[in-house]
Amino acid sequence: MINPTPTPATVLGWPRQGPKRELKRAIESYWAGRSSAAELDSVATGLRADAWKLLADNGIDEVPTGDFSYYDHVLDAATMVGAIPQRYRDAAETDLDVYFAMARGNDAVAPLEMTKWFDTNYHYLVPELSPATTFAADASRQLAHLAQATAAGHTARPVLVGPLTFLLLAKAAPDAPADFEPLSLLDPLLDVYAEILAALHDAGAQWVQLDEPALVLDQPAHVLDAARHALDRLGSATARPKLLVATYFAALQDAFEVLAEAPVDGLAVDCTVPENVTAVLEHGLPGKRLVAGVIDGRNIWTADLDDKLAILRRLAGQVDDLVVGSSCSLLHVPLDASKEVSLDDELRSWLAFAREKVLELRTLATALGDEEAATPGLERSRQAIGSRHTSARTHDDTVRAGVAAVSDADAHRRSAFEQRREVQQAELGLPLLPTTTIGSFPQTDALRKARAALRRGEIDQAAYDAAMRDEIGAVIALQEEIGLDVLVHGEPERNDMVQYFAEQLDGYLATTHGWVQSYGTRCVRPPIIFGDVSRPEPMTVRWWQHAQSLTQRPVKGMLTGPVTMLAWSFVRDDQPLGDTARQVALALRDEVSDLESAGCRVIQVDEPALRETLPLRVADRAAYLDWATESFRLATSSVDDTTQVHTHMCYADFGDIFAAIDDLDADVISLEATRSGMSLADELHTAGYGKGVGPGVYDIHSPRVPSADEVRELLTRAVGALDARQVWVNPDCGLKTRRTDEVRPALANLVSAAAAVRATV
Ligand code: GLN
Ligand code: ZN
């Protein structure tokens, strides 16, 4: 059956940095004053041209425009609607510098707050709104990109953060009245969006994509009403482009009907979520285009195209105007797997980065009309899926047997916390209000240089190890001099808290060029879990041993927990996440046991990602927290009662995961508390938290050295709210981004404040 009009294919957005992170370099050079705004613009213009050409050359019919950003698409939306707080307008001369002032601050102002974009590892800047905000349309950036694409002969589809998502992600400005809600600004904002849509229409845009991912969160009825109202208003304009409303990352549930009935022309639906496919099949989309997001925009695996094709065929039976698409912007994946030449052909064939996903989209679109013509692409997928499924590299019987043999008892400590506390106290003999740090000490230039030199072969492993041992010696000496009670080795040998372990675990692979934007110009290269995970040999023991050999005081062992190991990697899509977590947990459990056998009495397992990995839909959270907490306990429960297990998380608002934190059954948890002025201690008390807890008393995000008096005040508050026997004294987080000349006086003040408060309780 040959379909006369071939099915189109598109992507919802594209990585911005360029094949060699050219954008990062150009922006940082502009910031450093080494190049002009015009030079930056010319690099950016070139990158856009190349990206669209790649898309068009590979059969993408409509290219997204306006998603390209110097920093962040939510910040772009804020400037597009004129939501620029006055202090930024005052803080810089040009529009570009005002933009960067909002993004990263300057001498005169602090930046806007930054937070995670849904449950991804991308961070956006939080717009600040108040009743005094007056929106004003500035479509110049969108129009310029549209014009550039059109001039190059492309059919362009401008991409805008939608008005609802914009307001739902915004926060009240500090000077806004307490009861102010950003959503109350919907009507004036819609006026501005209508104006921008009209301008894009006049400039020749046939379609405009409005991204409304906030509709996949659990929204109360009044928000769904607001969505109805917004789409009615924008859809009823007479001179407007066709509107494609894009949602992604989770099930639409109630919002599906709102969208399906809205007077818009198309929906982009995340069809990697089976419920969304069912919703379309049951409801149909009469008169609307469906961009069926079957290719996962958040993961890096070659798709099972036969499976995707089957979904598309079912959808094609229900929808008049079907377009094959990515589930979300491809911003969340690296650019080009074919550049990973250090991987062998088999491994590489399993990977689909942004460029490979475009080929998959094209294959699917072709196959819908003429399967024969799509044979090469379909065959490639079949081969990759088949070899990944059967490969000995993804399946390790020993690991599987280990996971299968896990009993409930393995995930529980031998005794309850109260008993453990007694024996640990006897073993460690720590004073009341013991002092410690979170793990890392300043990552000096010398350390980074040593790592680079090792990578380039300029020094050998022995020389590198010697440099690390020297650094550990210096860090131990510093902590003894300051008088901390539980010491750390300082983590000098770790490039990153996930990558370091990923490099040593079987089943993980590292990429060479797999950069993904984390925020602004900061990019990360997440490791990839491709097979069953195990630990061929100890990972941290020798470093810990060296540190402990230098001091009589206990040195904490330091590991990254299973949830965080998953959250900051690309994970397998061929087994449940909980299964992968259990494998990582067992690998860590081996390490915990080895540390204990080597004499380590305090072991910290960091889980900063526990909260950010919470599923977007509340109904999915209990199941997640179940495997998340179980895998932590599995990693840490092999030890004797005398061994003290610590954990650490980088936030203060733990309210919604309080029970989960308790379920970890760690003897001590350190959390961030400085910025909130220790209100955390009251919350912990109210929640009835009875185990050890170190609410942070030193804000490590700032170069400021807190005085002993400030620390004493925070601690006094902590021991007022909690039982003094519970309280530990520590910074908010690791010290790796600070300088030694800040850390030394800050920790000295922390130790003296602890002594002062100890004398009062
Ligand atoms: N142990 C790590 C450190 O001190 C913890 C970092 C984190 O919580 N993100 O750097
Ligand atoms: Zn932290």
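Things to note:
- In terms of packing, defined here as the mean over residues of other Cβ atoms within 10 angstrom, the peptides 127-139, 347-359 line up highest first as 347-359, 127-139.
- Furthest towards positive pole of dipole, T436, A462, A452, structure part the stretch 418-467, Cβ charges: A452
- At R0 = 41 Å, FRET efficiency that the Cβ-Cβ distance of V406 and R455 yields, to 0.05: 0.65
- Cβ-to-Cβ counts within 10 Å put M497, M102, M114 in ascending order as M114, M497, M102, the fewest first.
- Extreme residue, positive dipole direction of the chain, given options L96, T363, A170 (C-beta unit charges): L96
- Separation of the stretch 77-123 and the stretch 164-214, taken as the distance between their Cα centroids, equals 17 angstrom.
- For the stretch 154-213, the alpha-carbon coordinates run over 47, 21, 14 Å along the three principal axes, in decreasing order.
- In the chain, a dipole from Cβ-located charges (positive for Lys and Arg, negative for Asp and Glu) runs towards its positive end, and of Q253, A144, P286 it is A144 whose Cα lies farthest in that direction.
- Full extension of the segment from A474 to Q383, taken as 0.36 nm per residue of separation minus the current Cα-Cα distance, would add 27.5 nm.
- Debye log10 I(q)/I(0) at q = 0.13, 0.17 Å⁻¹ for the stretch 105-202, Cα point scatterers: -0.61, -0.94
- Using the Stokes-Einstein relation with a Kirkwood hydrodynamic radius computed over Cα pairs, the translational diffusion coefficient of the stretch 388-446 at 20 °C and a viscosity of 1.002 mPa s comes to 127 µm²/s.
- Based on every Cα atom in the stretch 713-761, Rg and the maximum pairwise Cα distance Dmax equal 12.1, 34 Å.
- Burial ordering of H154, H546, fewest other beta-carbon atoms within 10 Å first: H546, H154
- Ordered by the number of other Cβ atoms lying within 10 Å of each residue's own Cβ, fewest first, S637, S236, S702 fall into the sequence S236, S702, S637.
- All other residues whose Cβ lies under 13 angstrom from that of P158 are scored, Lys and Arg at +1 and Asp and Glu at -1, for a net of 0.
- Charged-residue dipole, Cβ positions (Lys, Arg, Asp, Glu), the stretch 633-759 about Cα centre, Debye nearest 20: 520
- Beyond 43 Å, the tail of the calculated P(r) for the chain holds 31 percent of the Cα pairs.
- Gyration tensor analysis over the Cα atoms of the stretch 562-643 returns equivalent ellipsoid semi-axes of 25, 13, 10 Å (largest first, whole Å).
- Under 15 Å from a label point set 7 Å out along the Cα-to-Cβ vector of E275, the amide N atoms of the stretch 240-255 belong to 248-255.
- Gain upon complete extension [K20, T134; 0.36 nm per residue less C-alpha separation]: 37.1 nm
- Its Cα centre serving as origin, the stretch 222-358 has a Cβ charge dipole (Lys and Arg +1, Asp and Glu -1) of approximately 540 debye.
- Note on H283 and D573: their simple-model spin labels are 2.4 nm apart, each label 7 Å out from Cα toward Cβ.
- Highest mean first, the peptides 746-754, 282-290 sorted by other C-beta atoms within 10 Å per residue fall in the order 746-754, 282-290.
- Rounded Å value of the spacing that divides the Cα centres of the stretch 1-50 and the stretch 534-552: 45
- Note on A316 and V126: with the Förster distance fixed at 60 Å, the Cβ-Cβ geometry gives a FRET efficiency of about 0.90.
- 37 °C / 0.692 mPa s Stokes-Einstein diffusion coefficient of the stretch 589-735, Kirkwood radius on C-alpha pairs, µm²/s: 204
- If only the Cβ of Lys and Arg carry +1 and only the Cβ of Asp and Glu carry -1, the dipole of the chain around its Cα centre is close to 1340 debye.
- In sequence order, calculated HN-Hα J values of the stretch 167-179 (Karplus, 6.51, -1.76, 1.60; Hz; x Gly/Pro): 6, 6, 8, 6, 10, 5, 4, x, 8, 6, x, 4, 8
A short reminder: the numbers here are calculations on the coordinates, not readings from a lab. Computed from a prediction, not measured in an experiment: that's the story for all the values here. For neighbour counting, all protein chains shown are included, and Cβ atoms are generated from backbone atoms with ideal geometry for every residue, glycine included.
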